[in-house]
1. Only one of 228, 242 is surrounded by 21 or more Cβ atoms within 10 Å (Cβ to Cβ) and in the same structural domain as residue 177 (by the TED database). Can you tell me which?
2. Restricting to the range 283-305, give me the number of residues that are surrounded by fewer than 15 Cβ atoms within 10 Å (Cβ to Cβ) and among the small types (Gly, Ala, Ser).
3. For the range 246-278, which residues satisfy the criterion of being buried (at least 18 other Cβ atoms within 10 Å of the Cβ) and over 30 Å from residue 202 (Cα atoms)?
4. Just name the residue that is modelled with the lowest pLDDT out of those in the range 146-163 that are more than 16 Å from residue 260 (Cα to Cα) and in contact with a Gly (Cβ under 7 Å, 6 or more places away or on another chain).
Amino acid sequence: MASGGPYFDDLRSKPEVIDPPQNEDMMDIRETVDDPAQNELKPNVAVSSSVRDLLECPVCLNAMYPPIHQCSNGHTLCSGCKPRVHNRCPTCRHELGNIRCLALEKVAASLELPCKYQSYGCIGIYPYYSKVKHESQCVYRPYSCPYAGSECSVVGDIPYLVAHLKDDHKVDMHSGSTFNHRYVKSNPQEVENATWMLTVFSCFGQYFCLHFEAFQLGMAPVYIAFLRFMGDDNDAKNYSYRLEVGGNGRKMVWQGVPRSIRDSHRKVRDSFDGLIIQRNMALFFSGGDRKELKLRVTGRIWKEQ
């Protein structure tokens, strides 16, 4: 099990699960942009590796963009790295001055290159100076692992991440659009920055991540539950979800649109885009002597017409 980052106490453990789609029984979860079709691959468009090497900064190894600097011996580097080398050429150690390599900038302007996410399915070819902007918005760019609290650095497409969550993080995987969970914590006074096991739901041919965690909202200890969509934001807007929590004859309801996993779980949490329950209210819903959290959260996901 991956360990939590500095903002999380690891409260995850193997959940006790009774599959809810048929019988609605409760599950206990213990602590724990551009269109590439318009820029399809063109014949006879090839850039030699030597030209690409010329456009690679020798310091950061990234592609260079104007202004491209050069020393008196013709060695080049990008504008971002110039201050880092204290105005000394990293190749020959001569002083750099303020000489721009206009010839190389013009060569770059004439180039067309494939998107760096070609291996993920993007077939577009883009002008050199438009490529970075496209790649920042490319619908084929990989997603980051949505697992909360682990600082996991794994990236990939959705099928890869689903397998990764199942095999490496051992998350709960469920089919169906309804759920009925009970989140349990033996010492609810220790509410700061705690997270529970992620649950992934498969429905409507898509995957959704249900998060539940505790954090400090100003001085107030609170719990938050929210749903994220494993896909892009435009597709996430086609779905809605509803969360309910209650007990002792009272009930709280949240309805919203799942956020794309393009947004980190922390960004969603810190925007308060979910069902927020004050600790005292959560303990009231839990019943008993209020010394143990037993919070029942039910929900439903549906596709908008």
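The values are calculated or read from the model by the stated rules, or taken from the named source; none is laboratory data. In this text the structure is predicted, and so the values were computed from the model without any measurement. Please note: Cβ atoms are built from the backbone with ideal geometry, for glycine as well, and neighbour counts cover all protein chains shown.
1. It is 228.
2. 2
3. Correct list: empty.
4. Within the range 146-163, the match that is modelled with the lowest pLDDT is 150.
Each row is one residue, and each column tells you yes or no for (1) at pLDDT 90 or above; (2) under 13 Å from residue 269 (Cα atoms); (3) surrounded by 14 or more Cβ atoms within 10 Å (Cβ to Cβ).
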residue	(1), (2), (3)
194	no, yes, yes
201	yes, no, yes
204	yes, no, no
213	no, yes, yes
220	no, no, no
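Listed here are the residues, each with its yes/no results for (1) farther than 25 Å from residue 158 by Cα; (2) in contact with a Gly (Cβ under 9 Å, 6 or more places away or on another chain); (3) of a type in the set (Asp, Glu); (4) part of a strand (DSSP E or B).
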position: 207; (1), (2), (3), (4): no, yes, no, yes
position: 222; (1), (2), (3), (4): yes, no, no, yes
position: 225; (1), (2), (3), (4): no, yes, no, yes
position: 231; (1), (2), (3), (4): no, no, no, no
position: 245; (1), (2), (3), (4): yes, no, no, yes
position: 254; (1), (2), (3), (4): yes, yes, no, yes
position: 291; (1), (2), (3), (4): yes, no, no, no
position: 299; (1), (2), (3), (4): no, no, no, yes
